[in-house]
């Protein structure tokens, strides 16, 4: 039961992040910030506040660099943090140019 819950939770988070990462920037670019913000609100409602990696991804996609970096710093303190994946994760592409990103995940 527990494993099924977490699998469903992770799948839900991944779907909303994928949707946001594809939709949010495009919608924002064409001047529909209100619709873009709605996606972010929906995603924030699904992600637990201590799920720092996914919060970092969402904040990155939403253009909230400070919040994205701060949440990435928190998750990087975990010994199981995967720096290699963070360097490739498309949801974090929005913050990779920030020097603080390299401080957190390395070169």
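Annotations for the structure displayed:
- Fully extended contour minus Cα-Cα distance, from residue 46 to residue 102, at 0.36 nm per residue: 17.4 nm
- Segment residue 88-residue 74, length gained on full extension (0.36 nm per residue, minus Cα span): 3.2 nm
Every number in this text was worked out from the coordinates using simple rules, so none of it is lab data. Keep in mind the model is a prediction, meaning the values are calculated, not measured.
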